[in-house]
Amino acid sequence: MKKPFEEWFLQSDYDFGTAEAMYDSGRYVYCVFMCHLAIEKALKALIVKRLEQVPSKTHNLIYLIESLALSLPDEMFKIAYKLNDASIPTRYPDELYKVLNEFSRDVTFGLLNDTRRILEWIKKQ
């Protein structure tokens, strides 16, 4: 039987795989959404593992990082901040084409690679 934090990491990996699939299919908004979700679940895995708490039902990456008192490298924190800001518009866009334009193929590719690096960093903690 998996430990609860292992389940969170498993789901994080699954969500990141979905982000890659969304990128490959040209669904960039959903790729960004899944990048956010993968990091969110990895952070919740750390909360379970380190703090031995059930993580709150928040989607706020900054809140989760602060809850863990993580010293995320500045460049990674800026990416987490950007993904955190993208959370609502990618879930519930006011104007779909505006969001589609914001998350172009190149921008999304960068976020996908940055997410991979953040996830690797989180797993080493």
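The values are calculated or read from the model by the stated rules, or taken from the named source; none is laboratory data. Only a predicted model underlies this, so the values are computations on that prediction, with no experimental measurement involved. Cβ: placed from backbone, ideal geometry, glycine included. Neighbour counts: every protein chain shown.
Some observations on this one:
- Residue within region 19-29 that is farther than 21 Å from E102 by Cβ and over 12 Å from the mean Cα position of the chain (by Cα) present: no
- Filter result for the condition that a residue is at pLDDT 95 or above and not small (G, A, S), over P93, P73, P89: P73
- Only one of the numbered conditions (1) farther than 20 Å from G110 by Cβ; (2) within 16 Å of the chain's Cα centre (by Cα) is violated by H36, and that is (1).
- Of residues in region 48-65 being under 15 Å from the mean Cα position of the chain (by Cα) and either aliphatic (A, V, I, L, M) or surrounded by fewer than 12 Cβ atoms within 10 Å (Cβ to Cβ) (or both), the one farthest from K3 (Cα to Cα): I62
- Inter-residue pairs, beta-carbon under 7 Å, first in contact (Cβ under 8 Å) with a residue 12 or more places away in the chain and in region 39-60, second of a type in the set (D, E), 6+ apart: K41/D15; H59/E40
Here is a yes/no grid of residues against (1) of a type in the set (A, V, I, L, M); (2) touching a residue at least 12 places away in the same chain (Cβ under 8 Å); (3) on the phi > 0 side of the Ramachandran plot; (4) touching an Asp or Glu at 6+ places or on another chain (Cβ under 8 Å):
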| site | (1), (2), (3), (4) |
| --- | --- |
| F16 | no, yes, no, no |
| A19 | yes, yes, no, no |
| L64 | yes, yes, no, yes |
| I79 | yes, yes, no, yes |
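- Helices (runs of 4 or more DSSP H) contained entirely in region 34-125, each with at least 3 residues that are of a type in the set (K, R) and closer than 19 Å to D13 by Cβ: 105-123
- Tally, over region 1-33, of residues that are at pLDDT below 95 and in a loop (DSSP other than H, G, I, E, B): 3
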